[in-house]
Amino acid sequence: MPGLSTHSGVGAVAIWTSADQPDLGDQLTARVIQQELLARLPGWRMSLFATDGWRRPAVADGGLVIEPLRDRAPAELAATATMTVVCTTDPYALDLATRLDVTHPVVAFGEVPTELTNRAALTVTGPNPGLLLDRVIDRETLPVRVAQLRQLSEMPVRGYDVTAELPENLVFEDRLAILSGARSVVTEDEHVAAACAWLGVDCRRPDGSAFEFAPVADLKAELDRIAELAEHTLAERGGDLTTRMSVLTEENHALRQAHWQLRRRMLEERQRLAEPLGQAWRERDDAVAEATVKRTENEALTRHNEELAARLAHVEQELANWRNTKLVRWTRPLRDAYGKARG
Amino acid sequence: MTPPRITFVLVSYGGRDLVVRCLELLAKHTPVPHRVIVVDSASPDGTGEWLAENLTGATVLRMHENLGFGAGGNLAVRQADTELLCFLNADIEVADGWLEPLLAFLDTRPEVAAVSPVLLNPDGTVQEAGSVIGGDGWCRAVDFGPEFVREVDYASAACLVVRRSAFLEVGGFSPEYEIAYFEDVDLMLSLRAHGWQTWVEPASRVVHQRHGSSSSARATELMRLNHETFTRRWPDELARRSPVVGLDEHPHRKWWLRDQLAPYRVLLIDDRVPQPDRGRGDGRTMAVVNAWREADPRARVTFFAVSPERAEQVAPALAARGIEVVWGVEDAAHWSVERAGLYDVVVVFRPHNFVGYGEPIARAQPQAVKVYDAEALFHRRPEQHFGTSTDVLERRSWAVQADVLRQQEVDAFTWADVAVCVSEEEAHWARRVAPEARVHVACYPAAVSAEVPGWAARQDIVFFGGFDSTPRTPNEFAVLELAESVLPPLRERHPDLRLRVVGADPSPAVLALDSPSIEVVGKVPDPRPLLESALLHVVPMRYGAGVKIKFVDSMAAGLPFVTTPVGGEGLHLGWTARHLIGASPAEHVELCHKLLTDPVLWTEIQQGLLEICGTHFSPAEFRRSMRDVLTDCAVLPPAP
């Protein structure tokens, strides 16, 4: 297992999660925050952490690489990231988070103790991240997974309802697939309900009441604020945003240059291709015109030939008729004899 | 204890002995902690039962009916709890050191989902170094061309390491396929559709025995059925490709298919596979190749070495960095016809390569942007000889040589769409003879150490330059002049002064210089320690063109040098020039003496040279220059 990444990239966000636990909420929150922040902070390193991380492998983690928090010093953890987002209720992680240096910005996500809320630069309490699964899972893969589960006899072929907790040793994607294929879901788990809302599956509490969630736009706004805080922190720390801006401007210029050259190249190639093509078209048109003339001439000649053939046939017929006359037939021996006599 | 990172997945259908043999080899040659899951796809011969009862150290799962490889793989992955998966066919034979390169590759390339070793036939020949997928939906193993690390269209799941998260993200093996064939091809396209890449790493090699578990008639039928499914599922993807059927009649399509994922394809042509430790401009060639390589790891960078010199030894290091190295080609034009229409850019170094290779090769690549990289203006060397020679016949010969080379260089610059020179002076000449070409200056990157030793930590003088084992090279002339005309008068004033001659392949005349006051060191793996321990670098060179890389290295090592106006060309020496450049041996003696006796001046010169190096010859400056070359070739520059 590689060590803690220190690759700087643009900046780095450490996301402290409970993704080493099997519940849907543990898996879902980590993934959503990681992908949503990455979309807002392209080029940044987003590392997932959990109390035991990869030291506690589980089927449910779906192969995510999660760094362990245990046995790591707060200073070491703070040094690897520009900002830390805490979205776990694990006591060990929460205690560690409160011991991070006060200058290191921390964002508390969800219900966390007051001690952490007090030192957090931002606290985000709602709505459930399960409503924002678009960047985490490709909807089109869910029917494929449903088909796989059915093929392996791990899911009913016909319609079904989910009324109990799903088994623990299911990967995140399978859980979503099972929920997506259900007619209805009954649960007390708010994360399951949020995922069902995203999937468009009817989901209620055991007492029949429906779940209510704040608009997803609120969560997006909170994530925007987290991203802004990250950029601010980076600027304050290294003051490197201005440099970055100039680097990006330079890159933008180079990209425009390359794009311009590419367009120019395409134009040149098009012209190079069009030249012989134009010549070929001209030659083709000439050939077509010539062929038309020849065809017309040919038709005329054919007609003339037909006329001559008809005339010939007529003349031959006349000749044959003449030869068939009694005068010609009967005088033939006489004419032959005359011919011989003349030598 | 560190938990396992990888789970090996085998799907069996009969072939108990093969499975056992495969697992034995796996256990023997896989030192890292791992898990093994064997899924038996309802073998009719009792293999599943036997494995379940007898296999230790592996999880055995049994399917109630033969659902095939894809379903078996999906079932196994659902039980896996590791970061990585490795699909293995039972007829794969692994050997020592097979896994480490694959894991190392994935650790350094987060954008790569899957990596495959090269599959070998039992006789050791290459069976498959990745495969190509044709527009007709059929695949063909890449068992042609040089081997190097590269992205592939498809790599067989006979032996494939995949990130579990990526496998799950794309939905695993599609259940639409029959028992076997094409489910792994489909997986590769799904991975790519989700932004992942698949690579082949030739540092890892395994033997694939190819014992199919279905009869050939059954196999053909399955292939036909799954081919239909595959073409139905990926019509748009296939529409962009040439067909695989008929590849042998149209060999250029092989290369098109092999390289179709690359964002650009560049061909670089030079004398030999670059050996930066031997001078002769190879260090710069390597830097240019690196710039093309680093601009995009997925790009196809092909290096065409005209001479096979030391290619066997040097090429593997380039191949490991994803550079295809070609050498030993007898008919360059025919070689290019085989790859007709493949390259986006063709770069030629040096005029003789333009004449013999660049121009004939470019004929079959009419679409390519043509780049002439001058490295130096070669006609200037015979011109300099013409100027110094006193023999009439010799002068005539130099004049003829200069004429021929000048014409070749004019032709090369005129032929090029984009040209690269190493100094503004040479670029000025190029712009004059070829006003249509876009001429850039990109010299050579030399990184300045954070701390270089000062006057007190240094002693003696050094000469640095390669000799090519041949007489009458510019460096041989220079070192002979140094030993004969500069060193003796200098030693009169500095009796303990010693000279070290550092450089690959010293000629007999250079070797003969070895004496108590002159040490012929020859080639060293890294000249830097010698340059950082000497007090002065002296090279009275009369002949040469372009920027002399030896002086850039010298500047980067904080080592002042004394040379001629020819040696100082293009170095941006500014005010330091009057202390470093001399035209005659007498001037050189004076300049050397001054620098050897004046620590204050020496230190000022050192600081000045370090500043010049940082400004004009830094890696950042070179990257910037090469970025401009790339963008002029319509290639996107590397991300900042």
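Please verify whether A:Ala78 is part of a loop (DSSP other than H, G, I, E, B) and either closer than 21 Å to A:Pro113 by Cβ or not assigned by TED's automatic domain parsing to the domain that holds A:Ala194 (or both), treating the condition exactly as stated. Spell out the reasoning first.
Values: part of a loop (DSSP other than H, G, I, E, B): no; either closer than 21 Å to A:Pro113 by Cβ or not assigned by TED's automatic domain parsing to the domain that holds A:Ala194 (or both): yes.
The answer is no for A:Ala78.
Going residue by residue through the stretch B:571-592, is there one that turns out to be within 20 Å of B:Cys421 (Cβ to Cβ), in contact with a strand residue (DSSP E or B) (Cβ under 9 Å, 6 or more places away or on another chain), away from every other protein chain (no Cβ under 14 Å) and surrounded by fewer than 21 Cβ atoms within 10 Å (Cβ to Cβ)? Looking through the stretch B:571-592, none of the residues is within 20 Å of B:Cys421 (Cβ to Cβ), in contact with a strand residue (DSSP E or B) (Cβ under 9 Å, 6 or more places away or on another chain), away from every other protein chain (no Cβ under 14 Å) and surrounded by fewer than 21 Cβ atoms within 10 Å (Cβ to Cβ).
Could you say whether any residue in the stretch A:145-157 is on the phi < 0 side of the Ramachandran plot, away from chain B (no Cβ under 14 Å), in contact (Cβ under 8 Å) with a residue 12 or more places away in the chain and in contact with a Lys or Arg (Cβ under 9 Å, 6 or more places away or on another chain)?
Here is the first cut: in the stretch A:145-157, the residues on the phi < 0 side of the Ramachandran plot are A:145-152, A:154-157.
This time we only want the ones that are away from chain B (no Cβ under 14 Å), so: A:156.
Remaining after also requiring in contact (Cβ under 8 Å) with a residue 12 or more places away in the chain: none.
No, the stretch A:145-157 contains no residue that is on the phi < 0 side of the Ramachandran plot, away from chain B (no Cβ under 14 Å), in contact (Cβ under 8 Å) with a residue 12 or more places away in the chain and in contact with a Lys or Arg (Cβ under 9 Å, 6 or more places away or on another chain).
Remark: A:Glu165 falls outside the filter, which requires a residue to be assigned to a loop (DSSP other than H, G, I, E, B), at pLDDT 90 or above and more than 14 Å from chain B (Cβ to nearest Cβ). Residues in the stretch B:610-619 that are surrounded by fewer than 20 Cβ atoms within 10 Å (Cβ to Cβ) and in contact (Cβ under 8 Å) with a residue 60 or more places away in the chain: B:Leu610, B:Gly614, B:Ser618, B:Pro619.
Within the bounds of the stretch B:89-100, is there any residue that is within 13 Å of another protein chain (Cβ to nearest Cβ) and in contact with a Ser or Thr (Cβ under 7 Å, 6 or more places away or on another chain)? Looking through the stretch B:89-100, none of the residues is within 13 Å of another protein chain (Cβ to nearest Cβ) and in contact with a Ser or Thr (Cβ under 7 Å, 6 or more places away or on another chain). Cβ-Cβ distances below 7 Å connect no pair with a first residue in the stretch B:620-635 that is at the interface with chain A (Cβ under 7 Å from one of its Cβ atoms) and surrounded by fewer than 22 Cβ atoms within 10 Å (Cβ to Cβ), a second residue that is at pLDDT 95 or above and part of a helix (DSSP H, G or I), and a separation of six or more residues or different chains.
In the stretch B:387-409, the qualifying residues are those that are over 26 Å from B:Pro276 (Cβ atoms) and crowded, with 17+ Cβ neighbours inside 10 Å, and the one that is farthest from the chain's Cα centre (by Cα) is B:Trp398. Evaluating A:Ser180 against the criteria (1) within 26 Å of the chain's Cα centre (by Cα); (2) within 30 Å of A:Ala12 (Cα to Cα); (3) of a type in the set (Ser, Thr, Tyr) leaves one unmet condition, (2). Would you say B:Leu191 is in a helix (DSSP H, G or I), outside the structural domain of B:Trp138 (by TED's automatic domain parsing) and of a type outside the set (Gly, Ala, Ser)? No: the conditions fail for B:Leu191. Among the residues of the stretch B:335-350, how many are modelled with pLDDT of 95 or more and surrounded by fewer than 19 Cβ atoms within 10 Å (Cβ to Cβ)? Residues in the stretch B:335-350 being modelled with pLDDT of 95 or more and surrounded by fewer than 19 Cβ atoms within 10 Å (Cβ to Cβ): 1 in total. Do you know which of the residues in the stretch A:22-51 that are buried (at least 20 other Cβ atoms within 10 Å of the Cβ) and part of a loop (DSSP other than H, G, I, E, B) is nearest to the other protein chains (Cβ to nearest Cβ)? Out of the qualifying residues, it is A:Pro22.
Using the structure shown, decide if B:Glu312 is without any contact (Cβ under 8 Å) to a residue 24 or more places away in the chain and either farther than 16 Å from B:Leu268 by Cβ or assigned by TED's automatic domain parsing to the domain that holds B:Glu111 (or both). Let's see the steps before the verdict.
Values: without any contact (Cβ under 8 Å) to a residue 24 or more places away in the chain: yes; either farther than 16 Å from B:Leu268 by Cβ or assigned by TED's automatic domain parsing to the domain that holds B:Glu111 (or both): yes.
So B:Glu312 passes the test.
How many residues does the stretch B:440-484 contain that are without any contact (Cβ under 8 Å) to a residue 24 or more places away in the chain and assigned to a loop (DSSP other than H, G, I, E, B)? The total comes to 3.
Each residue in the stretch B:418-429 was checked for being in contact with an Asp or Glu (Cβ under 8 Å, 6 or more places away or on another chain) and surrounded by 19 or more Cβ atoms within 10 Å (Cβ to Cβ), and 5 pass.
In the stretch B:1-120, which helices (runs of 4 or more DSSP H) lie fully inside it and hold 2 or more residues that are within 40 Å of the chain's Cα centre (by Cα) and free of Cβ contacts under 8 Å to residues at least 60 places away in the same chain?
B:16-29, B:100-108
With A:Leu334, A:Leu255 as the choices, which residue is free of Cβ contacts under 8 Å to residues at least 24 places away in the same chain and either surrounded by fewer than 10 Cβ atoms within 10 Å (Cβ to Cβ) or not in a helix (DSSP H, G or I) (or both)? Before the answer, list the steps.
Values: A:Leu255 fails: either surrounded by fewer than 10 Cβ atoms within 10 Å (Cβ to Cβ) or not in a helix (DSSP H, G or I) (or both).
None of the other options fit; the residue is A:Leu334.
Given the criteria touching a strand residue (DSSP E or B) at 6+ places or on another chain (Cβ under 9 Å), in the same structural domain as B:Thr603 (by TED's automatic domain parsing) and part of a helix (DSSP H, G or I), does B:Leu530 qualify? Yes; evaluated as a whole, the condition is true for this residue. Considering B:Pro525, B:Pro516, B:Pro508, the condition of being over 26 Å from B:Ala374 (Cβ atoms), touching an Asp or Glu at 6+ places or on another chain (Cβ under 8 Å) and surrounded by fewer than 16 Cβ atoms within 10 Å (Cβ to Cβ) is satisfied by B:Pro525 alone. For B:Ser190, the criteria (1) farther than 18 Å from B:Ser156 by Cα; (2) over 28 Å from the mean Cα position of the chain (by Cα); (3) buried (at least 17 other Cβ atoms within 10 Å of the Cβ) hold in every case but one, which is (1). Take B:Phe354 and tell me if it is at pLDDT 95 or above, crowded, with 22+ Cβ neighbours inside 10 Å and in a helix (DSSP H, G or I). Criteria met by B:Phe354.
For the stretch A:90-115, the tally of residues that are surrounded by 12 or more Cβ atoms within 10 Å (Cβ to Cβ), assigned to a loop (DSSP other than H, G, I, E, B) and β-branched (Val, Ile, Thr) stands at 1.
Restricting to the stretch A:168-215, and then to whatever is in a loop (DSSP other than H, G, I, E, B) and within 14 Å of chain B (Cβ to nearest Cβ), can you tell me which residue is farthest from B:Gln79 (Cα to Cα)? If you could, list the steps in order and put the result at the bottom.
Just the residues of the stretch A:168-215 that are in a loop (DSSP other than H, G, I, E, B), to begin with: A:168-171, A:182-183, A:187-189, A:200-201, A:205-209, A:211-215.
Subsequent filtering for residues that are within 14 Å of chain B (Cβ to nearest Cβ) retains A:168-171.
Details: A:Glu168: 12, A:Asn169: 8, A:Leu170: 9, A:Val171: 9 Å.
Applying the filter and picking the extreme gives A:Glu168.
Step by step: first the residues of the stretch B:292-313, then only those that are touching a Lys or Arg at 6+ places or on another chain (Cβ under 9 Å), in a helix (DSSP H, G or I) and modelled with pLDDT under 95, then the one that is surrounded by the fewest Cβ atoms within 10 Å (Cβ to Cβ). Which residue is that? In this case the residue turns out to be B:Glu294.
Table: residues versus (1) at pLDDT 95 or above; (2) not small (Gly, Ala, Ser).
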site: B:Glu425; (1), (2): no, yes
site: B:Ala434; (1), (2): yes, no
site: B:Cys443; (1), (2): no, yes
site: B:Ala446; (1), (2): no, no
site: B:Glu451; (1), (2): no, yes
site: B:Ala456; (1), (2): no, no
site: B:Phe464; (1), (2): no, yes
site: B:Asn475; (1), (2): no, yes
site: B:Arg491; (1), (2): no, yes
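Within the stretch B:155-178, the residues that satisfy the criterion of being more than 13 Å from B:Arg192 (Cα to Cα), assigned to a loop (DSSP other than H, G, I, E, B) and more than 9 Å from chain A (Cβ to nearest Cβ) are B:Ser156, B:Ala157, B:Ala158, B:Tyr177, B:Glu178. Got a number for residues in the stretch B:467-505 being closer than 23 Å to B:Arg381 by Cα and surrounded by fewer than 15 Cβ atoms within 10 Å (Cβ to Cβ)? Looking only at that region, the number is 5.
The values are calculated or read from the model by the stated rules, or taken from the named source; none is laboratory data. All values reported here derive from a predicted model rather than from experimental measurement. No Cβ is skipped: glycine too gets one built from the backbone with ideal geometry, and neighbour counts run over all protein chains shown.
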